[in-house]
Amino acid sequence: MQHALAAASAVDRSLDFQMAMLQAVTHSQAAQDMDIEGIYNHSKNLEPALPDALALTLVDRHGGQLFSTLQPFGTSLPPTGSPSAAQQVFQLQ
């Protein structure tokens with residue numbers, strides 16, 4: 001039981017840290033200015049601090065990928081694999 005609680009606590013800490021890093025992106029000057037390339041650059045700089053993340057991706061409300069840190073900025077990207085999930089996120093606002 002203690003092992004399960006310790007594991008759950010570690011997961012909580014990791015998720016809290018990742019959320020804090022993502023919130024830093026949303027509060028950045030680039031985000032305030034709606035500077036998509038600046039948000040991309042800020043996200044690329046955060047990647048080393050998020051070793052569990054494969055990539056950071058910005059998606060519009062229709063499921064279009066504005067960028068993915070797996071690709072150079074400006075690369076044409078396909079729509080997200082789950083447009084309905086993107087729409088649900090925007091509905092939470």
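The values are calculated or read from the model by the stated rules, or taken from the named source; none is laboratory data. Please read all numbers here as calculations on a predicted model, not as lab measurements. Every residue, glycine among them, receives a Cβ derived from its backbone with ideal geometry; neighbour counts consider all protein chains shown. Quick note on the areas: whole protein, heavy atoms, side chains included, nothing else; ligands and nucleic acids left out. Shrake-Rupley method; radii C 1.70, N 1.55, O 1.52, S 1.80 Å.
Using protein chains only and a probe of 1.4 angstrom, how many square angstrom of L77 are accessible, to the nearest 10?
Number for this one is 40 Å².
Among 37-46, 66-75, how do they line up from the highest to the lowest mean number of other beta-carbon atoms within 10 Å?
Packing order, densest peptide first, comes out as 37-46, 66-75.
Please work out whether the chain counts as rounded, prolate or oblate from its C-alpha gyration tensor, where a ≥ b ≥ c are the square roots of the eigenvalues and a/c under 1.5 means rounded, while otherwise a/b larger than b/c means prolate and anything else oblate?
prolate
Using a 1.4 angstrom probe, figure out how much accessible area the chain has per residue, in square angstrom, rounded to the nearest whole.
Ligands and nucleic acids excluded, the figure is 72 Å² per residue.
What is the local net charge at F90, summed over the other residues whose Cβ is closer than 13 Å to its Cβ (Lys, Arg +1; Asp, Glu -1)?
0
Heavy atoms only, probe 1.4 angstrom, no DNA, RNA or ligands counted: give me M1, M34, M19 ranked by accessible area, highest first.
If we order M1, M34, M19 from most to least accessible, we get M1, M34, M19.
Using a 1.4 Å probe on the protein chains only, how many percent of the accessible area of the chain belongs to carbon and sulfur?
58 percent
Okay, helix-only estimate at 222 nm for the chain: each DSSP H run of n ≥ 4 adds -39500 (n - 2.57), divide by all residues, round to 500 deg cm²/dmol; what do you get?
Calculated from helices alone, the mean residue ellipticity at 222 nm is -16500 deg cm²/dmol.
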